[in-house]
Amino acid sequence: MQISRRAPFVLALMMPVAAHGATVSIDVRDAAGRPLPNSVVLIDTPRKPATPIKFPWPYVMAQQNITFTPHILIVPVGATVSFPNRDKVRHHVYSFSPINKFDLKLYGRDESRSVTFDKPGVASLGCNIHDAMSAFIFVVDTPYAMVTDANGHVTIPNVPAGGATVKLWNPQIRAPGNMLSQLVVIPAGGFTTTYTVRGK
């Protein structure tokens with residue numbers, strides 16, 4: 001697979017320069033031009049944050065209606081994720097992923113367990129009782145990371161201008177680690193672009 005831009009970067013010339021960085025807007029499409037929701041977009045920059053990374057969403061991977069909610073959760077390195085059971089049935093959550101192998105044995109409704117993730121990467125989750133249940137926890141060491149919405153879109157604010165690497169992750173991507181990357185230069189005024197994930 002390869003990643004290609006359907007159009008060159010379009011500078012957001014009408015956008016005022018943000019005091020704390022640029023705004024990056026990215027759309028992710030498949031080879032047929034359809035939006036790719038539930039893709040992780042992250043931006044690695046040479047400038048590391050001076051304070052611990054925090055995201056505005058809760059670090060919670062719930063079991064509800066025999067599914068994991070949310071399907072993809074982004075957390076910073078060092079985060080502790082809770083796994084509450086909101087179903088009437090018991091669950092047995094596990095991961096065999098190299099970044100953090102764990103096994104949360106059977107527990108019931110209104111009970112919760114927690115796991116700390118201290119390495120970057122992707123943890124694939126399953127349930128020993130319900131084979132159809134699956135989810136992913138994406139552990140990052142950058143504050144510039146989001147999951148694409150139903151339209152395959154993300155807007156990431158306050159990204160430092162200059163050289164950076166945009167990384168795309170989706171379970172459908174046939175590449176090592178299901179991830180593709182692209183070196184970019186982020187203008188101070190921000191940019192908007194579309195990436196197309198193409199098959200061989």
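No value in this document is a laboratory result; all are computed from the given coordinates. Values in this document were obtained by computation on a predicted structure and should not be read as measured data. Note that each Cβ is placed from the backbone with ideal geometry, even for glycine, and that neighbours are counted across all protein chains shown.
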The residue from ALA123, ALA150, ALA145, ALA132 that alone is over 20 Å from the mean Cα position of the chain (by Cα) and under 21 Å from PRO37 (Cβ atoms) is ALA132
Take the conditions touching a residue at least 40 places away in the same chain (Cβ under 8 Å) and touching a Pro at 6+ places or on another chain (Cβ under 7 Å) and apply them to ASP149. Does it pass?
yes
Filtering segment 95-106 for residues that are out of contact with any Lys or Arg (no Cβ under 6 Å at 6 or more places or on another chain) and surrounded by fewer than 16 Cβ atoms within 10 Å (Cβ to Cβ) leaves a count of 5
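Need a quick list: strands (runs of 3 or more DSSP E) entirely within segment 50-94 having at least 2 residues that are more than 11 Å from MET133 (Cβ to Cβ) and free of Cβ contacts under 8 Å to residues at least 24 places away in the same chain. Show your work before the answer.
Working: elements: 62-64, 67-69, 72-76, 79-84.
Ranges flagged: none.
Here are GLY163, GLY152, GLY108: which of them is out of contact with any Phe, Trp or Tyr (no Cβ under 8 Å at 6 or more places or on another chain) and within 13 Å of VAL41 (Cα to Cα)? Break it down into steps so the answer makes sense when it comes.
Numbers: GLY163 fails: within 13 Å of VAL41 (Cα to Cα); GLY108 fails: within 13 Å of VAL41 (Cα to Cα).
Only one candidate qualifies: GLY152.
Restricting to segment 38-54, what's the tally of residues that are of a type in the set (Lys, Arg) and crowded, with 20+ Cβ neighbours inside 10 Å? Can you show your working first?
Of segment 38-54, the ones of a type in the set (Lys, Arg) are 47-48, 54.
Then keep just the ones that are crowded, with 20+ Cβ neighbours inside 10 Å; that gives none.
Result for segment 38-54: 0.
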Picking from VAL81, VAL40, the residue that is among the aliphatic types (A, V, I, L, M), under 19 Å from the mean Cα position of the chain (by Cα) and closer than 23 Å to ALA150 by Cα would be VAL40
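Out of VAL184, VAL122, which single residue is farther than 30 Å from ASN65 by Cα, among the β-branched types (Val, Ile, Thr) and in a strand (DSSP E or B)?
On the way: VAL122 fails: farther than 30 Å from ASN65 by Cα.
Result of the check over VAL184, VAL122: VAL184.
Name every residue in segment 141-200 that is of a type in the set (Phe, Trp, Tyr) and either surrounded by fewer than 20 Cβ atoms within 10 Å (Cβ to Cβ) or in contact with a Cys (Cβ under 8 Å, 6 or more places away or on another chain) (or both), in order of residue number. Reasoning before the result, please.
Initial filter on segment 141-200 (of a type in the set (Phe, Trp, Tyr)): 144, 169, 191, 195.
Residues satisfying the conditions do not exist here.
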Residue, farthest from ASN38 (Cα to Cα), within segment 55-88, restricted to residues that are loosely packed, with under 13 Cβ neighbours inside 10 Å and of a type outside the set (Lys, Arg):
THR80
